[in-house]
């Protein structure tokens, strides 16, 4: 085996799956088991008006992404998946998670059309 850039990037992608899978599993655990909604649908660091409403969706997104990454890890280590299979599985899982989080965040923080009304200032 020749150590070139593609081998190094392949190893980086594979090793990055471990903390990624752990992080997404922990987020799903926090949402479903601990009922901690502090990281649900954040936009610029701010939670939505009702994070409990969006928590099941965020939890399912994180759980599905963790299962996808875990499947890729098990596929490489135990089932001997070839590079094309596990990298496609890992890549599509990561991109699906990014898009699903973006869609959820946009739904939880709707865009308001028109001018913003100034709040009445108490004197």
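The numbers here are math on the coordinates, done by the rules we state, and not lab data. Just so it is clear, the model here is predicted, and its values are computed rather than measured. Note that we place each Cβ from the backbone using ideal geometry, even for glycine, and neighbour counts take in every protein chain shown.
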Region 46-63 and region 1-43: distance between their alpha carbon centers, rounded to Å: 18
How do 96, 38 line up, fewest other C-beta atoms within 10 Å first? 38, 96
Relative to the chain, whose Cα atoms define the longest principal axis, helix 51-77 and its Cα axis are tilted in degrees, nearest 10, by 10
To the nearest whole percent, what portion of all C-alpha pairs in the chain is separated by more than 18 angstrom? 61
With the chain treated as a Gaussian network of Cα nodes joined by springs under 10 Å, which of 34, 43, 52 yields the largest mean-square fluctuation? 34
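In percent, how large is the relative contact order of the chain, given Cα pairs closer than 8 Å and 6 or more residues apart?
26
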Semi-axes of the equivalent ellipsoid for region 1-73, please: Cα gyration tensor eigenvalues, times 5, square-rooted, ordered largest first, whole Å. 32, 13, 8
Pairwise label distance in nanometres, residue 103 with residue 26, each label 7 Å out on the Cα-Cβ vector: 2.7
With a 10 Å Cβ neighbour count serving as the proxy for reagent exposure, in which order, fewest first, do 87, 92 appear? 92, 87
